[in-house]
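The values are calculated or read from the model by the stated rules, or taken from the named source; none is laboratory data. What you see is a predicted model; the values in this text were computed from it and never measured. Reconstructed Cβ throughout: ideal geometry from the backbone, glycine too, with neighbour counts over all protein chains shown. Just so you know, the surface numbers come from the protein's heavy atoms only, side chains and all, with ligands and any DNA or RNA stripped out. Shrake-Rupley method; radii C 1.70, N 1.55, O 1.52, S 1.80 Å.
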Amino acid sequence: RGDEDTAIRLYRQALQIDLQLHGEQHPNVALNLHQLGLVHQHRGELEQALEYFEQALEIEEKRNKDTIGIARLLNLIGNIHLQRADVERMMEALVPAARLHMQDPIRNPIPIVYGNDLYAVSRFYPPCASAA
C-alpha cells in the first residue's frame, strides 16, 4: 500500500522476534533481512538495502541449502551495484548468480539486470559476456 515506514517497522519487529526464537542463522531471519532490503531499495536507500541483502546472503551461504535464495540475493546485490555505477562489483555478484542458474536452470532464476537478462546486458557491456 506504499506505507514503507510501517513495512520497515514491522519487518524489524519480525526480525527481532525471529532472532530471539531461532537465532542468527535461521531462514526466517534471512527472509526478513531480504524484505528490509527490498523496502530500502524501493526508497532509493541503496547502502541500507545492500547491507540487508549482504546479511541475508551470508546466512543463506552458511546454510548452503537454498540456491534459489542465494541466486536472488546475488541478483539484487548486482543490481544495486549497477545503480551505483560499480560495474565491477555488479559482475562479482551476477557471475555467481549466473553459475547457480547454469547448475540448475529449472530451480534458479536467470540473473536479471533492471528488466534485462544478463545476455542482453552483455550486448552493450561486453565484459558481461563471460557471465551470460
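Among the residues here, L38 qualifies as open to solvent by 50 Å² or more (accessible area, probe 1.4 Å), closer than 18 Å to Q83 by Cβ and in contact (Cβ under 8 Å) with a residue 24 or more places away in the chain.
Of all residues in region 16-40, those satisfying the criterion of being part of a helix (DSSP H, G or I) and more than 17 Å from the chain's Cα centre (by Cα) are Q16, I17, D18, L19, Q20, L21, H22.
Criterion first (of a type in the set (D, E) and modelled with pLDDT under 95) does E54 satisfy it? Criteria not met by E54.
Examine region 48-66 for a residue that is part of a loop (DSSP other than H, G, I, E, B), free of Cβ contacts under 8 Å to residues at least 60 places away in the same chain, open to solvent by less than 90 Å² (accessible area, probe 1.4 Å) and not acidic (D, E), and state whether such a residue exists. Among the residues of region 48-66, not one is part of a loop (DSSP other than H, G, I, E, B), free of Cβ contacts under 8 Å to residues at least 60 places away in the same chain, open to solvent by less than 90 Å² (accessible area, probe 1.4 Å) and not acidic (D, E), which makes the answer no.
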